[in-house]
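The values are calculated or read from the model by the stated rules, or taken from the named source; none is laboratory data. Computed from a prediction, not measured in an experiment: that's the story for all the values here. Cβ atoms come from the backbone with ideal geometry, glycine included; neighbour counts cover every protein chain shown. Only protein heavy atoms, including side chains, enter the accessible area calculation; ligands, DNA and RNA are left aside. Shrake-Rupley method; radii C 1.70, N 1.55, O 1.52, S 1.80 Å.
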Amino acid sequence: MRQSVLFWQTQRTDPADAELASHRLLVRAGLIQRFTSGIYGLTPLGLMAQQRIEDLVREELTQAGAQEVRLPFVQPFDLWRRSGRGAEDLPELMRLRDRRGEELALALTAEEAMTELVRRQGVHASQLPLLLTQTGLKFRDELRPRGGLMRLREFLMQDAYSFDLDEQGMTESFARMRLAYRRVFERLDLDVREVAAASGMMGGAGALEFQMPLAAGEDEIIACRACGYVANREAARRSPRGGMGKGVASLSPVETPGATQIATLATALGCREADILKAVFYDKAGTTVLALVLGDRQVGEEKLQAVVGGSLRPLAAEEAHGRGLVVGYAGPVALEVTGTLIIVADMEVEQASGLVCGANREGWHLAGVTPGRDFSWQMAADIAQVAEGDACPECGMPLGVERTLELGHIFRLGTRYSERLGLHCQGSDNVLRPLWMGSYGIGISRLLAAVIERHHDDRGIVWPAEAAPYAVHLLVLGEDSDVTTLAQEVAGAWQDRLLWDDRAVTAGVKFHDADLLGLPWRLTVSRRSLAQGGVELRRRLDGQTRMVRREEVPQMLRDLLTGDAGQG
RNA sequence: CGGGCUGUGGCGCAGUUUGGUAGCGCGCUACCUUGGGGUGGUAGAGGUCGCGGGUUCGAGUCCCGCCAGUCCGACCA
């Protein structure tokens with residue numbers, strides 16, 4: 001491709017709002033353009049890079065036995081309603097209505113659509129296990145998109161779905177996809193950790209996330225360095241600290257004016273935050289849920305939700321008031337609220353004694369509170385968030401918290417969707433059974449951001465061979481006829497497979513743009529290189545440079561452009 | 001849902017306090033210059049100053065309303 005006609009423009013200054021390296025570089029290297037929050041366009045070079053990644057993922061899925069299909073991006077909302085996800089609290093699902101009033105929704109994942117596709121055509125047992133995949137646009141109406149391509153509203157995702165006769169089959173398909181995804185991350189040179197996860201809005205059990213460590217990431221994983229235990233923040237467990245609180249004592253009220261915060265209270269009473277009982281209120285369909293954790297803990301809302309069931313929502317201050325709670329001084333001892341109340345105690349609370357908690361009276365707390373003696377609860381469970389340094393649930397050694405970016409997610413769905421949407425298959429025993437499904441998603445757009453996040457230096461992108469839009473950047477310096485002739489000779493038959501900087505700009509500009517774009521190999525043709533008998537070859541990764549004699553150029557280009565001469 | 005900040009050529013910004021012909025740098029076009037690390041110069045093109053209303057002889061600037069973007073908080077009782 002001749003650069004003088006390529007639709008491409010780099011930028012000399014950093015965009016004002018980019019804090020992520022990948023965001024900054026994608027914009028400066030002219031690969032993306034923002035249209036509105038979380039919605040971007042790609043330029044030719046940006047699209048080529050994305051397509052390389054898309055093709056690579058497709059290759060691995062084909063290897064795993066997947067067949068590619070295309071599902072609608074605009075889907076009938078009724079499909080969502082029938083699967084049971086339309087009625088749930090799914091604010092990311094973008095709904096719209098056409099002019100006749102038909103309710104539609106934009107694809108957010110494709111469990112429903114894929115199940116429907118298979119159901120409509122029907123499937124024979126002989127076709128199982130069936131693995132179907134598509135690469136398609138997804139739209140999620142995120143509250144806060146951010147970081148360039150890191151968290152988008154509209155994005156490209158490769159999703160796949162497996163269909164098996166029984167649970168055993170599903171587990172085998174799941175294992176096959178897990179390997180396929182591992183290969184993808186290996187080929188893109190991304191170090192990714194497999195993490196046990198909560199299944200969230202997908203439903204099902206035994207989900208696995210692929211998380212890449214990244215300081216600017218938005219997920220957190222909990223990992224034990226001693227035994228290898230790893231879990232998502234939402235699913236992480238810890239072994240409880242026993243014997244918190246000040247020991248058994250008699251119950252006594254203490255006056256604590258203005259101490260409505262844990263930190264303030266701890267200072268006022270001269271105790272540890274862990275000696276205070278923290279009470280957090282939620283609403284579950286009209287029922288008040290009181291979650292009790294020790295004062296230095298955070299309630300793990302996903303964990304609480306898993307224990308309580310249904311969907312929880314934090315209670316606003318006015319609402320809490322309305323139900324008879326004394327905001328700032330609420331506690332479980334002799335608590336009376338309007339309506340139903342469920343008290344859930346964290347397992348650490350159960351084992352503590354001599355705690356401080358709110359007295360349900362403005363300006364007063366209670367000291368010497370002992371769980372079990374002074375108040376009771378309906379459920380005791382692990383509902384607190386794990387913190388740095390907590391004891392590993394497997395081996396007891398300290399746990400660490402790490403920020404990560406989620407790149408892929410695979411689920412064992414079971415028969416949830418096939419049952420609700422009526423997808424059955426007849427086995428050899430002549431009985432119709434719902435199919436066992438798995439769901440697998442990998443974010444192509446986000447993968448593009450992750451590759452740059454992981455592969456760049458202070459001058460620009462450093463593409464890994466498998467994702468580079470072109471393998472070779474040919475720079476022509478000067479306009480002497482000798483140089484021009486050599487350039488044309490070099491570009492020769494490979495013109496379409498390399499980027500050829502034939503612009504009339506100075507050498508410095510070309511070098512800077514080449515470094516910024518970061519193609520794996522740079523070939524320079526100039527009067528100087530000519531004097532040394534050929535062209536200069538430079539590797540972007542480490543700057544290693546050598547001269548290639550004129551007559552060796554065709555062979556070298558063949559090596560670089562047809563495969564195995566990557567960066568490694 | 002709340003708070004802060006910001007909306008001015010493609011990008012980065014000044015101008016708003018004190019109302020008076022819309023500016024700078026980068027990028028873009030043409031020509032010259034330079035030609036191994038963003039060369040120097042000359043001449044140009046490009047703007048509903050986020051949107052609507054108001055005050056005024058006159059509004060990017062003052063007033064009211066709205067919208068968008070962005071950052072922080074979201075809840076610990």
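Tell me, what is the FRET efficiency for A:LEU251 and A:GLU394 to the nearest 0.05, using R0 = 51 angstrom and their Cβ-Cβ distance as r?
0.85
Given the whole protein assembly as supplied and a 1.4 Å probe, what does the accessible area of A:ARG176 come to in Å², nearest 10?
Rounded to the nearest 10, the figure is 80 Å².
Hey, with R₀ at 35 Å, roughly what FRET efficiency would A:ASP429 and A:ARG70 work out to, going by the Cβ-Cβ distance, to 0.05?
0.55
Name the shape class, rounded, prolate or oblate, that the alpha-carbon gyration tensor gives for region A:229-299, where a ≥ b ≥ c are the square roots of its eigenvalues, rounded holds for a/c under 1.5, and otherwise prolate holds if a/b is larger than b/c and oblate otherwise.
oblate
With θ taken as phi - 60° and the coefficients 6.51, -1.76 and 1.60, list the Karplus ³J(HN,Hα) couplings across region A:464-480 in order, rounded to whole Hz; mark glycine and proline as x.
Calculated HN-Hα couplings, in order: x, 3, 6, 10, 5, x, 9, 7, 10, 10, 9, 9, 10, 10, x, 10, 4 Hz.
So how do A:ARG85, A:ARG361, A:ARG182 rank on accessible area, 1.4 Å probe, biggest first, that is with the largest at the start?
Ranked list, largest accessible area first: A:ARG361, A:ARG182, A:ARG85.
Could you pull out which residues in region A:492-528 have an amide N less than 20 Å from a spot 7 Å beyond the Cα of A:LEU561, following the Cα-Cβ vector?
A:492-503, A:514, A:518-526
Label points 7 Å out from Cα along the Cβ direction at A:GLU19 and A:SER4: separation in nm?
4.4 nm
Leaving out ligands, DNA and RNA, what percent of the accessible area of chain A is carbon and sulfur, probe 1.4 Å?
C and S fraction of accessible area: 48 percent.
Which residues in region A:520-540 have a backbone N closer than 16 Å to a point placed 7 Å from the Cα of A:ASP457 along the Cα-to-Cβ line?
A:520-523, A:537-540
By how many nm would the segment from A:GLN544 to A:THR485 lengthen if fully extended, with 0.36 nm per residue of separation less the alpha-carbon distance?
18.6 nm
Rounded to the nearest 10 Å², what accessible area does A:GLU479 show when all protein chains are kept and the probe is 1.4 Å?
150 Å²
Could you tell me the distance between the Cα centroids of region A:112-129 and region A:484-553, to the nearest Å?
Each part reduced to its Cα centre gives a spacing of 52 Å.
Which residues among region A:234-273 fall inside the zone where the amide N is under 17 Å from a point 7 Å beyond the Cα of A:GLN298, along Cα→Cβ?
Within reach of a label on A:GLN298, which here means backbone N under 17 Å from a point 7 Å along Cα→Cβ, region A:234-273 contributes A:234-238, A:262-263.
Top to bottom by accessible area (1.4 Å), largest first, where do A:MET177, A:MET379 land?
Highest to lowest solvent-accessible surface, that is A:MET379, A:MET177.
Which FRET efficiency value, to the nearest 0.05, do you get for A:ASP78 and A:GLU551 by plugging their Cβ-Cβ distance into 1/(1 + (r/R0)^6) with R0 = 51 Å?
E between A:ASP78 and A:GLU551, to the nearest 0.05, is 0.15.
Which cysteines in chain A lack any other cysteine whose Cβ sits under 4.7 Å from their own Cβ?
A:CYS271, A:CYS357, A:CYS425
Under a crude label model (7 Å from the Cα following the beta-carbon direction), how far is A:ASP189 from A:THR62 in nanometres?
Going from the A:ASP189 label point to the A:THR62 one covers 2.5 nm.
Please work out how much accessible surface A:THR267 shows to a 1.4 Å probe, ignoring ligands, DNA and RNA, in Å² rounded to 10.
Here the residue's solvent-accessible area equals roughly 110 Å².
State, as an integer percentage, the relative contact order of region A:470-561 based on alpha-carbon contacts under 8 Å between residues 6 or more apart.
31 percent
Whole-Hz ³J(HN,Hα) for each residue in region A:313-318, computed from phi via Karplus 6.51 cos²θ - 1.76 cosθ + 1.60 with θ = phi - 60°, x for glycine and proline: what do you get?
These are the phi-based 3J(HN,Hα) values: 9, x, 8, 6, 4, 5 Hz.
Over chain A, calculate the relative contact order: mean separation of alpha carbon pairs under 8 Å at least 6 apart, over the residue count, as a percent.
In percent, rounded to a whole number, it is 17.
For chain A, what is the accessible area per residue in Å² when the probe is 1.4 Å?
That works out to 45 Å² per residue.
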